[in-house]
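Enquirer: Got a structure for you, written out below as structure tokens; questions coming shortly.
Each value in this text was obtained by applying a stated rule to the coordinates, not by laboratory testing. What you see is a predicted model, and the numbers here were worked out from it, not measured in a lab. Here Cβ is always computed from backbone atoms with ideal geometry, including for glycine, and neighbour counts include all displayed protein chains.
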Amino acid sequence: MGFGTSGRNSGFALDSFFHGMGPLNNPELSAAHARLCTGGLNILRKLVKENEIECGWHDWGNCMCPAGAEGDRALRDLSGGYKSLGFPGPKELKLRKGPAVTGSTFYTAGLKVEATGLMNPAAMCRDWVRPPSNVILYENTPVHRRETGQPRG
């Protein structure tokens, strides 16, 4: 379990659908997407905590760092979008602080958004899948038959 898409995922559980590709053309729709994403993130965070799922969950947030003038403009749009949606922050990373966060001088600017979870999605899937005692989990195996009814002793 966890060797498919989740094993190749970056591990960010995002707080919004908005990615800052220009001004918000439909603020109401963007706000609805943000509520959906934030709600899902909060549910996921709660499930991980309540079920003690070992996936390295961390509420550090995430950084968006462009490398050039075009990316800097997109970052300003992104910051404005987050602010117009009422998200806490975002925090602008100053150029002199960028390398301390990213480990590189390649990036020209940075934006840190707080409400994002970072975890190992493959580990989350593997720890989450605890089948009942009457279920055997086989991966990469087609289902040929399914039996319904009461479990047999």
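Enquirer: Roughly speaking, what is the stretch gain from residue 10 to residue 91, that is 0.36 nm per residue apart minus the C-alpha to C-alpha distance, in nm to one decimal?
Expert: Value of the extension gain: 27.0 nm.
Enquirer: Tell me, which longest segment in the chain has none of the trypsin sites (Lys or Arg not before Pro) that fall in DSSP loops with at most 11 further Cβ atoms within 10 Å?
Expert: Values: sites that count: 94, 96, 145, 146, 152.
Formally, the longest exposed-site-free interval is 1-93.
Enquirer: Give the Rg (one decimal place) followed by the Dmax (whole number) of the stretch 5-128, computed from C-alpha coordinates and expressed in Å.
Expert: 15.5, 45
Enquirer: Still on this model: Between 142, 27, 132, which gets the highest mean-square fluctuation from a Gaussian network model of the chain, Cα cutoff 10 Å?
Expert: For the chain, modelled as a Gaussian network with Cα springs under 10 Å, the answer is 142.
Enquirer: To the nearest whole percent, what portion of all C-alpha pairs in the stretch 92-148 is separated by more than 14 angstrom?
Expert: Numbers: 1164 of 1596 pairs.
Every Cα pair in the stretch 92-148 considered, those over 14 Å come to 73 percent.
Enquirer: Give a quick list of GluC sites (Glu not before Pro) in the stretch 63-153 that DSSP marks as loop, anything other than H, G, I, E or B, with at most 16 other Cβ atoms within 10 Å.
Expert: On the way: sites: 70, 92, 114, 139, 147; in loops: 114, 139, 147.
Loop-located and lightly packed - 114, 139, 147.
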